[in-house]
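**Q** First, the structure itself, so that you have it in front of you.
Every read-out reported here was derived from the displayed coordinates using simple, explicitly stated rules and does not represent laboratory data. In this text the structure is predicted, and so the values were computed from the model without any measurement. Using ideal geometry, Cβ is built from the backbone for each residue, glycine included, and neighbour counts are taken over all protein chains shown.
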Amino acid sequence: MPLNPVASVRPAGRLEVIAGPMFSGKSEELMRRVRRATIAGIKVLVISHSLDTRSELSTITSHIGVNIPAVPLSDIDSLAEAAHGEDYDLVAIDEAQFFGPDLVPVVGDIIARGADVIVEGLCVTFDGGPFEPMPTFMAIAEDVLKLTAVCTICGRDAVFHQRLPARESKESSQLSATAIDASHIGGLESYVARCRTHFSPGAIK
Ligand SMILES: [Zn+2]
């Protein structure tokens, strides 16, 4: 017997967050959860951002090259429309930082209508600051997985990523730390994971 027998409407969904710096395996973890949901027969919508140039049109591609089907979208309105278009049980959002802070109320609405949401993305900028909307999602989620990468200098847990000055391109040097730009992701050649001791964003400004 339900605690509240009057509650006949679809209960609200759950928010799960997968957050971390670059190279922390966020997309792999999202894919693992989506695969499990698919096997369980849950109706899943996977959304990527079309700015993510690692992605082919219909897949999420991680650094290790594993693909899962995804719908690439470029803005919040398209995301809301896609999420409400069918009766999805789970909406998984890859690289959520690209959608910006306006994603928060949209995700809240999806959850209120009864679907679970997994939001995955960068929670730190390359100069070490919080990268919205992920910190907000981390605050209001039922479950948060905070991942770390591996420091390329000492091998300890890396909570940051930073740009490599020697290989910095002219275009990327003009980016702000929260630049919504494809060069902020997937750049194995441009960014490195760093622990707290070896993180030195000031050196490259
Ligand atoms: Zn280190």
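**Q** What distance in nm lies between label points placed 7 Å from Cα along the C-beta direction at LEU164 and VAL9?
**A** The answer from the label model is 5.3 nm.
**Q** Pulled fully out, how much extra length does the chain show between ASP77 and LYS146, if you take 0.36 nm times their separation in residues and subtract their Cα-Cα distance?
**A** Working it through step by step, the gained length comes to 22.1 nm.
**Q** Another question, then. Percent relative contact order of the stretch 15-147, based on C-alpha pairs within less than 8 angstrom and at least six residues apart? Walk me through the intermediate numbers first.
**A** Details: 252 pairs, mean separation 48.5, N = 133.
After rounding, I find 36 percent.
**Q** Continuing with this model, one more query. Under 5 Å between amide hydrogens, which residues at least 5 positions from LEU145 or on another chain qualify, with H placed 1.01 Å from N in the peptide plane?
**A** For LEU145, the qualifying residues are VAL17, ILE18, ALA19.
**Q** How many nm separate the modelled label positions at GLU86 and ALA40, each set 7 Å beyond the Cα in the direction of the Cβ?
**A** That separation, rounded to one decimal, is 1.9 nm.
**Q** Over the alpha-carbon set of the stretch 15-147, divide Rg by the Kirkwood Rh and report the Rg/Rh ratio to two decimals.
**A** Ratio of gyration radius to Kirkwood radius for the stretch 15-147: 0.92.
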